[in-house]
Amino acid sequence: MSSFLESFSSHWRMKKDELSRALKECLVVIDSSVLLDLYRVTPTARDEMIKSLLTVEENLWVPHQVALEFHRNRIEAARDQLAFYDETCKSLETAQNQALQRLNEFAKRSALDDKEKSKLKEPLENAFRVAIERVKTHQGVFDLTISKVLNDDPVLKALAKLFDGKVGMPLPKEAYVKAQAEAARRRDDRIPPGYKDRAKRTNPDGDYLWWEQTLIKAAEVGKSVLIVSNDEKEDWINKRLDFPLGPREELVEEMRQRADASLRIVNFATFLEAVRLGAAVSVSRETLSQANIARRQGEEQANILRLSSAIVDEYEAFLLRVIERRENELRGKIAERAESPDDSEAKEVLDNRISSNQYAIDMYRIQLYKLREAVEGAARLGGDLILHVENKALRRSLLDRSYKARKEGSAS
């Protein structure tokens with residue numbers, strides 16, 4: 001590959017032939033996000049995914065931290081998939097009840113007789129019944145139960161065979177303590193990887209720990225590294241216009257300095273597509289689709305925040321204060337402009353300040369609306385709220401406040 005391209009691998013995606021070659025030449029490192037997705041797909045898709053991993057068995061390697069996170073989270077991954085089916089059925093039943101209630105109200109106001117009302121309701125009831133039955137049929141295809149995962153887990157058995165002798169050692173105690181301190185420094189300074197996990201209550205060091213283990217392994221084996229991961233947060237992946245390109249520049253440079261090796265990162269669906277094209281292994285379009293869906297489920301999980309009610313209330317109060325302050329400033333600048341002499345330069349400065357205030361007010365109002373919307377739909381766990389927050393600015397602000405509160409709490 002051209003050194004010009006290799007030096008700037010953060011800024012372009014691998015072509016299919018380059019990825020096929022990398023799978024044969026690189027140390028292929030698998031992240032826990034990929035392994036846990038095996039609990040979110042049908043048995044047929046899972047079988048094809050595991051067979052695809054077997055095609056690169058010679059080069060496969062799993063950092064100890066990744067294996068640890070897989071074991072810690074595999075039961076919850078299966079539970080989440082089972083809960084998804086149940087929640088889908090409940091949502092359909094709720095929608096059916098709401099629709100029937102609306103039709104009943106319509107029938108009363110329109111003075112419809114029972115026969116006409118039945119003609120209105122029957123197609124709706126049939127449609128919901130068929131939809132719920134089909135969801136339950138698909139649920140029946142999913143072969144994992146909590147009991148099976150606890151007692152006879154087919155995923156665990158397949159991976160135990162696949163990764164036998166391919167799991168790294170944990171860091172020695174002294175190196176582990178040093179890595180934890182480095183992970184904390186990187187979170188504070190927003191240095192990749194791992195700073196996006198800074199508000200996590202458990203395992204905030206995980207991403208940096210397995211990155212450090214990967215750097216050590218790459219230096220030992222003298223190979224370039226291809227990471228297969230569905231974690232596409234900004235502390236791993238360089239994005240432009242919200243499209244993922246390559247690994248962060250800092251990670252590419254750190255891999256070069258520590259291991260004299262190149263670095264690429266692809267998601268699992270891209271890996272499967274490369275295997276499908278380059279090896280004698282069947283990977284169906286349905287399996288590729290399920291891999292992408294499972295990856296998006298992982299992204300959705302990143303939008304779920306567990307925060308104390310105090311932090312949420314505090315941030316809502318902050319938004320109200322800043323909106324009020326900006327509105328007062330906006331009114332003042334508008335009045336000042338109206339009363340200012342005919343000075344084009346002064347008016348241009350005032351116009352810029354008016355626009356700046358209006359933009360800030362709109363931005364904070366959107367955050368306030370999104371926050372209240374998230375709180376309204378939130379579940380409660382103890383004294384905490386489980387929020388679904390897609391707005392990036394709001395999510396980042398809430399995470400920052402949670403992180404600061406946690407740091408202050410640990411320091412006191």
### Query
Just going by the charge dipole of the chain, with Lys and Arg at +1 and Asp and Glu at -1 on Cβ, which of Asn391, Pro193, Val62 is farthest out on the positive end?
Val62
### Query
When the Cα centres of region 155-193 and region 302-372 are compared, how far apart do they sit, in Å?
43
### Calculated Cα extents along the principal axes in Å (choose from [x] 75, 70, 47; [y] 73, 47, 45; [z] 75, 46, 39), label
[x]
### For Tyr176, solvent-accessible area (1.4 Å; no DNA, RNA or ligand), Å²
90
### Summary
In the chain the accessible area split gives carbon plus sulfur, as whole percent at 1.4 Å, a share of 51
### Query
How much accessible area does Met169 have with a 1.4 Å probe, in Å² rounded to the nearest 10?
150
#### Entry: Theoretical ellipticity at 222 nm over the chain - DSSP helices of four or more residues, -39500 (n - 2.57) apiece, nearest 500
-23000 deg cm²/dmol
### Query
Non-local amide H neighbours of Ile227 (under 5 Å, H modeled in plane, Pro and chain starts lacking H): which ones?
Val29, Arg264, Ile265, Val266
### Query
In what order, largest first, do Ser110, Ser344, Ser9 sit by accessible area if the probe radius is 1.4 Å?
Ser344, Ser110, Ser9
## Note on the structure
Expressed in angstrom and rounded, the centroid-to-centroid distance over alpha carbons for region 204-239 and region 69-140 is 43
### Task
Express the accessible area of region 1-132 per residue in Å², computed with a 1.4 Å probe while the remaining protein chains stay in the model.
57
### Message
As an exercise, use a Förster radius of 30 Å and the Cβ-Cβ distance of Ile132 and Arg306 to find the FRET efficiency, rounded to the nearest 0.05.
### Response
0.45
### Query
What is the extension gain from Glu232 to Glu376, computed as 0.36 nm multiplied by their sequence separation minus the C-alpha to C-alpha distance, in nm to one decimal?
49.0 nm
### Solvent-accessible surface (1.4 angstrom probe) belonging to Val34, in square angstrom, nearest 10
0
### Task
Please identify the longest segment of the chain free of exposed trypsin sites (Lys or Arg not before Pro), where exposed means a DSSP state other than H, G, I, E or B and no more than 10 other Cβ atoms within 10 Å.
202-412
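Please go through region 352-401 and write out the GluC sites (Glu not before Pro) that DSSP classes as loop and that have at most 14 other C-beta atoms within 10 Å. Can you show the working numbers first?
Working: sites: Glu373, Glu376, Glu390; in loops: Glu390.
In loop regions of region 352-401 (DSSP not H, G, I, E or B), the sparsely surrounded GluC sites (Glu not before Pro) are Glu390.
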### Query
Summing Lys, Arg as +1 and Asp, Glu as -1, what charge do residues with Cβ under 11 Å from the Cβ of Ala78 carry, Ala78 excluded?
0
#### Entry: Per residue solvent-accessible surface (Å²) - region 176-276, probe of 1.4 Å
41
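The values are calculated or read from the model by the stated rules, or taken from the named source; none is laboratory data. Keep in mind that what you see is a predicted model, and the values were worked out from it rather than measured. Using ideal geometry, Cβ is built from the backbone for each residue, glycine included, and neighbour counts are taken over all protein chains shown. For the accessible areas, the whole protein counts, side chains as well, though only heavy atoms, and no ligand, DNA or RNA atoms are used. Shrake-Rupley method; radii C 1.70, N 1.55, O 1.52, S 1.80 Å.
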